[in-house]
Amino acid sequence: MITFHIEKPDPAIAEALQDKINNLTKPKGSLGTLEEIALQIGLIQQTLSPTLNHPVNVIYASDHGIADEGVSKSPKEVTRQVIHNFLNGGAGVCFLARQHGFELKIVDGGVDFDFPAIPQLIDRKIRKGTRNFLHEAAMTREEMEQALQYGADIVSDCHKEGCNVVSFGEMGIGNTAASSMWMTCLTGIPLQECVGAGSGLDSSGVQHKYNVLKAALENYKGDNNPLEVISYFGGYEMVMAVGGMLRAAELKMIILVDGFIMTNCVLAASRLYPEMLPYCIFGHCGDEAGHQKVLNALNAKPLLNLGLRLGEGSGSVCAYPIVESAVRMINEMHSFQQAAVTKYF
């Protein structure tokens, strides 16, 4: 079983960071969340002059056996079709990545399709989709461990290439259903409050999705141990994201968190290693039912609320300029002493 050695940022530098922020030419606290982010990143990097280098959005993709139960408006073949759209630069996250200078890494973790060899597609396929968790565990313990390792290895590669800020996205029809199961099992929030429309179900579709997931929960005989929950209900792409997040925290990288699915991946990761949470910056709160509740469970404060529910890392990449502004603030604003301005607070 892969293990991670994650340390919370050393708080010793916090006083000096806060002093630097407070002595910039502005009323104390007047840049609000930018000041909070600057402090967080300074703590992560253990420096008064943090930097953002080579941002990468890693998209893990896989299919889900539970999709056979009609829990998504989109058919399973959409997963592979969207992969091609990523590779052709036409997906939603692609324009955001171009706009904000992100490299995209696309990883096939378990898509139910035989792709030809494509240089831009990283092949880490474990199986052609998970099993149907209505009837059995979605993956074996060995498959879960392999997914954690693969996800972590991709982030190690990013780090070796000079990346210190990483965003995570996903593609996999049925993964809001899997995320709802992680959410209810790992937080105790009632299932009904965790189930939403996903890619666009109407009210009857949401009810059907809930009924399927309720039956799956009744069939599950486990004890809500985090590793068991992760493997029983998860998707390969979700488990890879958990592994990626844990490796990023181990390497003291900034983790940008996307929507409902990736927030539930943080939930799972933090149930295994609570020390990883200080490395996370939450990009946005989306429209998927339950997202705000799982953010609350993590005491997370998202930067944006734009009604996004696309996934792919779109919300976290969209929020990146705010993170960049925070770093520019602490590095580029003059202090009262530098600017020869009398402190006015």
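Taking each residue as 0.36 nm, the span from Lys301 to Ser199 lengthens on full extension beyond its C-alpha to C-alpha distance by 34.3 nm. For segment 56-322, carbon and sulfur atoms together expose 48% of the accessible surface, with a 1.4 angstrom probe and every protein chain in place.
Neighbours of Val111 by Cβ distance under 13 Å: Lys/Arg scored +1, Asp/Glu scored -1, total -2. Dividing the summed -39500 (n - 2.57) terms of all DSSP H runs of n ≥ 4 by the residue count of the chain sets its mean residue ellipticity at 222 nm at -14500 deg cm²/dmol. Evaluating 6.51 cos²θ - 1.76 cosθ + 1.60 at θ = phi - 60° for every residue in segment 161-168, the Karplus couplings come out as 8, x, 7, 10, 9, 10, 10, 10 Hz, glycine and proline recorded as x. A simple spin-label model places pseudo-atoms 7 Å from Cα toward Cβ; at Ser30 and Tyr344 they are separated by 0.6 nm. Shape of segment 192-345 from the C-alpha gyration tensor: prolate (a/c of 1.5 or more and a/b above b/c, with a ≥ b ≥ c the square roots of its eigenvalues).
Checked against a 24 Å cut-off, the cross-linked pairs Lys20/Lys252; Lys8/Lys221; Lys128/Lys301 give Cα-Cα distances beyond that limit for Lys8/Lys221; Lys128/Lys301. Net charge around Met171, counting only other residues with Cβ within less than 11 Å of its Cβ (Lys, Arg = +1; Asp, Glu = -1)? It works out to a net charge of -4. The angle separating the long axis of helix 260-272 from the principal Cα axis of greatest extent in the chain is about 80 degrees. Electrostatic tally near Leu303: other residues with Cβ closer than 15 Å to its Cβ, Lys and Arg +1, Asp and Glu -1, net -3.
Sorting 301-308, 262-269 by their mean Cβ neighbour count within 10 Å, with the most densely packed peptide first, gives 262-269, 301-308.
Where a ≥ b ≥ c are the square roots of the eigenvalues of the C-alpha gyration tensor, would you call segment 56-322 rounded, which needs a/c under 1.5, or, failing that, prolate if a/b is larger than b/c, or oblate? Here segment 56-322 falls in the rounded category. Sparsely packed loop sites in segment 204-251 (the trypsin sites (Lys or Arg not before Pro) outside DSSP H, G, I, E and B with at most 13 other Cβ atoms within 10 Å) comprise Lys221. Using a probe of 1.4 angstrom and keeping all protein chains present, the accessible surface of the chain works out to 40 square angstrom per residue. The magnitude of the dipole of segment 56-322, with charges of +1 and -1 set on the Cβ of Lys/Arg and Asp/Glu and taken from the Cα centre, is near 340 debye.
Inter-part distance, segment 229-303 to segment 141-190, computed on C-alpha centroids, equals 8 Å. Secondary structure note: in the chain, about 5% of the DSSP beta bridges are antiparallel.
Unpaired Cys in the chain, meaning no second Cys C-beta under 4.7 Å: Cys94, Cys185, Cys194, Cys265, Cys280, Cys285, Cys318.
The values are calculated or read from the model by the stated rules, or taken from the named source; none is laboratory data. The structure displayed is predicted, hence computed values, not measured ones. All Cβ positions, even for glycine, are placed from backbone atoms using ideal geometry, and neighbour counts span all protein chains on display. Surface areas here come from the heavy atoms of the whole protein model, side chains and all, with no ligands, DNA or RNA. Shrake-Rupley method; radii C 1.70, N 1.55, O 1.52, S 1.80 Å.
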